[in-house]
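Structure, as structure tokens:
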Amino acid sequence: MNAAIEVEALSKRFGAVVALEDVTLKVENGRVVGFLGPNGAGKSTLMRALLGLVRSDSGEAHIAGLPYAHLPAPAKTVGAVLDIASAHPRMTARAHLHTYVALGGMDRSRVDTVLSLVGAQSYADRRIGTFSTGMRQRLALATAMLGDPDILVLDEPSNGLDPSGSAWLRTFLREFADADGAPYCSPAMCSTRLSTRSTTSSSSTEAAPSGLAHSNDS
């Protein structure tokens with residue numbers, strides 16, 4: 001069986017700035033990996049390279065054994081939250097989700113399912129422009145879950161959440177883990193997270209080293 005996520009010798013520069021340098025990692029099914037590091041360490045760049053949004057200078061990044069662009073059903077394989085500001089402010093949450101369902105060829109019933117899953121039913125018909133940051137985070141997670149994926153890629157999913165929202169996120173991830181054998185990584189510890197479902201009942205948590213790439217904060 002292929003690893004859920006595999007990155008081999010991945011490097012990326014933006015001019016003179018080294019964002020990623022020879023990054024190698026392997027995430028098996030049923031694991032959670034949190035990337036720890038300061039701003040500029042390359043965590044978000046690695047997520048974007050993994051999802052085919054940034055072209056690496058060298059190396060490879062595979063999801064379920066394939067580059068993201070070659071996945072036959074990407075939305076059903078991996079769900080991602082990279083930017084909560086991507087939803088159009090004049091759309092309602094429900095309309096936003098229906099748009100993604102249509103684009104991804106998914107069942108329309110998934111809209112109500114994910115709204116319930118993230119606890120967003122009460123504001124599903126409000127315009128997104130009126131949402132708090134926490135509401136946007138829940139909508140982004142609902143969008144990622146539309147395809148019922150086996151892998152979640154979440155960039156700073158707890159940003160903007162109040163204490164009750166952070167508690168909700170931990171509960172959500174624990175229920176995701178209990179249902180499919182994938183553990184969660186505490187939002188207080190990990191700014192970037194990879195969660196994968198498992199075919200077994202076992203679960204574990206690990207943190208990737210903070211030195212995945214050079215930081216340019218200094």
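The values are calculated or read from the model by the stated rules, or taken from the named source; none is laboratory data. Note that this is a predicted model, so its numbers are computed, not measured. Note that we place each Cβ from the backbone using ideal geometry, even for glycine, and neighbour counts take in every protein chain shown. These accessible areas exclude ligands, DNA and RNA; they are computed on the full protein's heavy atoms, side chains included. Shrake-Rupley method; radii C 1.70, N 1.55, O 1.52, S 1.80 Å.
General observations
- Matching residues, the stretch 37-51, being open to solvent by 60 Å² or more (accessible area, probe 1.4 Å) and either outside any helix (DSSP H, G or I) or of a type in the set (A, V, I, L, M) (or both): Pro38, Asn39
- Filter pass, Gly40 being on the phi > 0 side of the Ramachandran plot and either of a type in the set (A, V, I, L, M, F, W, C) or out of contact with any helix residue (DSSP H, G or I) (no Cβ under 9 Å at 6 or more places or on another chain) (or both): yes
- Single residue of the stretch 67-81 satisfying the filter (touching a residue at least 24 places away in the same chain (Cβ under 8 Å) and either hydrophobic (A, V, I, L, M, F, W, C) or assigned to a loop (DSSP other than H, G, I, E, B) (or both)) that is surrounded by the fewest Cβ atoms within 10 Å (Cβ to Cβ): Ala73
- Some residue of the stretch 153-169 being assigned to a loop (DSSP other than H, G, I, E, B), open to solvent by 40 Å² or more (accessible area, probe 1.4 Å), polar (S, T, N, Q) and at pLDDT below 85: yes
- Among the residues making up the stretch 1-36, those that are of a type outside the set (A, V, I, L, M), open to solvent by less than 60 Å² (accessible area, probe 1.4 Å) and under 17 Å from the mean Cα position of the chain (by Cα) are Asn29, Gly30, Gly34, Phe35.
- Which listed residue, of Thr200, Thr205, is within 17 Å of the chain's Cα centre (by Cα) and modelled with pLDDT under 50: Thr205
- Wholly within the stretch 86-151, helices (runs of 4 or more DSSP H) carrying at least 2 residues that are loosely packed, with under 15 Cβ neighbours inside 10 Å: 93-104, 109-117
- Selected residue (criterion: farthest from Gly79 (Cα to Cα)) from residues of the stretch 24-36 that are assigned to a strand (DSSP E or B) and not charged (D, E, K, R): Thr24
- Only one of the numbered conditions (1) at pLDDT 90 or above; (2) over 17 Å from the mean Cα position of the chain (by Cα) is violated by Ala41, and that is (1).
- In the stretch 1-23, the residues that are without any contact (Cβ under 8 Å) to a residue 12 or more places away in the chain and part of a strand (DSSP E or B): Phe14
- Qualifying residue in the stretch 58-66 (condition: in a helix (DSSP H, G or I), surrounded by fewer than 15 Cβ atoms within 10 Å (Cβ to Cβ) and not hydrophobic (A, V, I, L, M, F, W, C)): no
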